[in-house]
Amino acid sequence: MFELRKVEKNFPNVRALKGIDFRIERGEIIGLVGENGAGKSTLMKIIYGAYQHDGGEVLIDGKAVRFENPRQAMQKGIGMVFQEQSLIGNLSVMENIFLGFEQQFVRFGVVNWKKMAAAARFQLAKVKLKIDPKTITSKLSFAQRQLVELAKVLTLEERVDGDLVILLDEPTSVLAKEEVELLFRLVRELRSRASFIFVSHRLDEVLELADRIYVMKDGEVVDHVVSTEAVAENIQRRMVGRDIDKEYYREEKQRPYLPEKVLVELDKVSLPGKYYDISLKLHAGEVLTLVGVEGSGREAILRSIFGLQRPLFGTISIKGDRVRSFNARNSVARGVGYIPRERKVEGIVSGMSVYENITLSQLRNYSSAGFLKIPKEKATAREWISKLHIKAPSEYADCGHLSGGNQQKVVLSKWRSGGSDIILLDHPTRGLDIGAKEDVYDMVRAMNADGAGIILIADTLEEAIGLSHTIAVIKDGKIQKQFDCKQGARPSLFDLVHYMI
Amino acid sequence: MNLDKLKKHFPWITLVVLAIFVGLLDPNFLRPENLLQLAGDISTLFIMALGITFVIYIGGIDLSAQSVANMTTVLATLLLPLMGGFAALACIAIGAVFGLVSGFVSTRLKVPSFIATLAVGGVALSVGQYASGQKALYMDAAMREQAFGWMTGNIAGLPREMLIAAVLLVIGLVIERRMVVGRVLKAIGAGELAASASGLNVDRYKMIAFSMSGACAAIAGLLFAVKLSGGSPVIANGFLLPAIVAVLVGGTPLTGGVGGVLNTAIGALIVAVVRTSMLYLDVPATAQQIFFGLVLIVAIALTIDRSKVRTVK
């Protein structure tokens, strides 16, 4: 009844969806799996109307439709249960359920709260949630809020004619095991009312709940299986795709690290809610990669090492000194450089020139008595522009106008020219094209050769395997397994995925 | 040439066009001595605006400048018999401390700068009222001449006030373009998160910007006191709006990161020419703020970088 035919979506420089065929029948539960960046979110956004497709067609009962916004999609019975919850904390449950649709309870400009409460109770009964609809939403538990979201979407049942399609985006990522089971039971019961599209990182859950599974990779549906016939291993293989090209990751340039030179040591470090009992060592010349799904705690660990988040327990030592005051200034002074995922926000200052960006973290080296040594700054910038082949008209060019890859090189130059030897890379190749990615891999090897240690959160698992000396797999904030990645004896994708999910 | 590049040249083009327009109304306007007089008259306002520029440059706002200047006129008059010429230094230091307090409240207590400076301005105003006993105070003519005489009159045909403003402008330019402080303030204005991720002590530099603004407001107050030979907590009233207008029409947007002190110099001259033109057009002085209020709204709407402001409250 709901179908996508050859749906395309293009963004500047990226073909996000390449001819997607997708179909869902009445009362079906469809699983949608894929790695980060495979195109799952883009596809979902097209389905619930946040994006508009620019090729192919979207059909409901065989008729082509086009949603300009989520509200139009809702009017056709398509609702989204958000992963980052969309409820407003300081409103009551019933106000949230009917947010934007209060008109039905209004007479002469006055809201009939009793009527709204009754209607809300009816919706909450559908998801078997026995709470007072007048409760302030922020007082609910996470799982309860998730159910309220579901109840909110289920109001569509009364509001639209025709069938409902409900999208569940990673609904289990923050739930406890019993809560997940409860949710699954509920979804199965609700089949009589709606069809579901279930997106998750956790393949076992998808296999358990879904009738059919679509596997996405690089903007395409690469596999489509019926759950009862599916084999988890095969799906994993399709998710991660092709074999790894050894050249691509410059593996021949990988040298053993120096085990006697410890740059960073984490000893039983915990930050409850984010990560627990993390012990790691980073050595000179090493690439240490933290692998895990989104929200597994790897970003928080990186932020703690950079001093942005103070851990509650355990000790972090940098070059043998215990870190006592956690702030970026201290870490930078000890030689830590951070290449953030949000390149344009935390990486470069757009509006400032290449040379101003490169010296920003080390102005002390380029000034005396508070006065800048601008010629020296420019000389350094010119040196790094030619060293890393930064494509910029000159050292005066505004960093905001450079391409993503060149911006990344400027950020790298900033840390390397200042002599930082502990480099934290958070998704360093995100959004870069292949050539720019290869440049980044080259730089990783070059930094290792200079004796720098690198802690990496990779964009893909292939990248993690290809670049690392050591991989720590993190799940739910704990290290599940540590792999040694000697050349020729690297763990496989499946080894990693096994511990990730 | 595209619009973005042209935008940078808007302020001085506006200035020239306005000057020619007023020149057409009355050719006398363009006589050198008249123009010098004009520049001299706008100097105090410019000095106040110069300080405010640093705060706007980092994306904040300083609403306390006028009150600090008011307070300074009173303090300068009271301190002159006690300290002689050193009263000037004391006043500037006090102004800087008021700015520092604004900076502390806005960075450490996380109070938005407009409300932090409004509150600190309230304190300054009240200090001025209390210290003056709500009366206008007068300086002893001989003492004034001895301590501050060098600030008034002309030298080689140039108004001394204008020279003081020019010296401060040069200092401001050096700070902005040649010193670490200026570079960091630019980084904060253009991308605060990247600045702190580079390990910069963002809070400290913000406080420096606020105290520079406080010091400049105090210098402006000092010049008022000397020029009028006395102090009163209302002397500088009506200066805040045109000072902010000078910064914004000069080309430093409320969102910060671009523009600078030279822009503010041009902005202050634009304000001066506009004021003069209102004289020629018979707009009464009391009605001028109507015009500056409107110009302020237009200037903000045209220059603000909306990509930096997600929601407006």
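What follows is calculated from the coordinates using simple rules that are stated; it is not laboratory data. From a predicted model like this one, the values you see are computed outputs, not experimental measurements. As a convention, Cβ positions derive from the backbone with ideal geometry for all residues, glycine included, and neighbour counts pool all protein chains shown.
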Let me confirm one metric for peptide A:303-309, namely the mean number of other chain beta-carbon atoms within 10 Å of its residues' beta-carbons.
1
Take every residue in peptide B:179-187, count the Cβ atoms of other chains within 10 Å of its Cβ, and give the average of those counts.
5
Burial-style ranking of B:251-257, A:374-380, average other-beta-carbon count within 10 Å with highest first, yields B:251-257, A:374-380
Skipping prolines and chain starts, which residues have an amide H placed within reach, meaning under 5 Å, of the one on A:Lys478, given they are 5 or more residues away or on another chain?
A:Tyr276
Give the percent of DSSP beta bridges with both residues in segment A:2-240 that are antiparallel, rounded to the nearest 5.
55
For chain A, what is the calculated [θ] at 222 nm in deg cm²/dmol (nearest 500), taking -39500 (n - 2.57) for each run of four or more DSSP H residues and dividing by its residue count?
-9000 deg cm²/dmol
Enter the mean projected area of the convex hull around the alpha-carbon atoms of segment B:171-216, in nm², rounded to one decimal.
3.1
Counting only residues 5 or more apart in sequence or on a different chain, those whose built amide H sits under 5 Å from that of A:Leu164 are A:Ser195
Near A:Lys217, which lysines are there with a Cα under 20 Å away, not counting those fewer than 8 places off in the same chain?
A:Lys6, A:Lys9, A:Lys18, A:Lys40, A:Lys45, A:Lys437
I'd like the FRET efficiency for B:Ala93 and B:Gln37, computed as 1/(1 + (r/R0)^6) with the beta carbon distance as r and R0 of 45 Å, rounded to 0.05.
0.90
Percent of alpha carbon pairs in the protein assembly as shown separated by more than 50 Å?
34
Could you list A:Glu181, A:Glu462, A:Glu149 in order of exposure, starting from the residue whose Cβ has the fewest other Cβ atoms within 10 Å?
A:Glu181, A:Glu462, A:Glu149
Taking B:262-270, B:123-131, A:211-219 and ranking on average Cβ neighbours within 10 Å, highest first, one gets B:262-270, A:211-219, B:123-131
Of B:152-159, A:312-319, ordering from highest average Cβ density within 10 Å down gives A:312-319, B:152-159
Using the Cα gyration tensor of segment B:117-182, with a ≥ b ≥ c the square roots of its eigenvalues, what is the shape: rounded (a/c below 1.5), prolate (a/b larger than b/c) or oblate (neither)?
oblate
Averaged across the residues of A:409-417, what count of C-beta atoms belonging to other chains lies within 10 Å of each residue's C-beta?
1
Computed FRET efficiency, Cβ-Cβ of A:Lys281 and A:Ala125, R0 60 Å: what is it to the nearest 0.05?
0.65
Taking the Cα atoms of segment A:2-240, report the difference between the largest and smallest coordinate on each principal axis, in whole Å and largest first.
54, 38, 32
Segment A:119-256: radius of gyration and largest Cα-Cα distance (Dmax), Å:
19.8, 66
What lysines sit close enough to A:Lys373 to cross-link, taking a C-alpha to C-alpha distance under 23 Å and skipping anything fewer than 8 places away on the same chain?
A:Lys387, A:Lys409, A:Lys414, B:Lys186, B:Lys206
Measure off 7 Å from each Cα along the Cα-to-Cβ vector at B:Tyr280 and A:Phe313, then give the distance between these two points in nanometres to one decimal.
7.8
Restraint check, A:Lys128/A:Lys274; A:Lys253/A:Lys344; A:Lys177/A:Lys478; A:Lys128/A:Lys478, Cα-Cα greater than 22 Å
A:Lys128/A:Lys274; A:Lys253/A:Lys344; A:Lys128/A:Lys478
Ranked list, fewest to most other Cβ atoms within 10 Å of each Cβ, for A:Leu175, B:Leu109
B:Leu109, A:Leu175
Using θ = phi - 60° and the Karplus form 6.51 cos²θ - 1.76 cosθ + 1.60, what ³J(HN,Hα) does each residue of segment B:231-244 get, whole Hz, x for Gly and Pro?
x, 6, x, 10, 4, 8, 4, x, 9, 5, 4, x, 5, 5
Straight-distance crosslink candidates among aspartates and glutamates, where the alpha carbon sits under 18 Å from A:Lys319 and sequence neighbours closer than 8 are dropped
A:Glu260, A:Glu265, A:Asp267, A:Glu286, A:Asp421, A:Asp450
Using amide H atoms built in the peptide plane, which far-off residues or other-chain residues are under 5 Å from A:Gly314 H to H?
A:Ser270
When DSSP assigns beta bridges and you keep just the ones with both residues in chain A, what percent turn out antiparallel, to the nearest 5?
60
Report the label-to-label distance for A:Ala64 and A:Asp161 in nanometres (one decimal), using points 7 Å from each Cα along the Cα→Cβ vector.
2.4
Whole-Hz ³J(HN,Hα) from phi, Karplus 6.51 cos²θ - 1.76 cosθ + 1.60, for segment A:73-81, glycine and proline x:
5, 4, 5, 9, x, 10, x, 10, 9
Please order A:Trp384, B:Trp12 by the number of other Cβ within 10 Å, starting at the fewest.
B:Trp12, A:Trp384
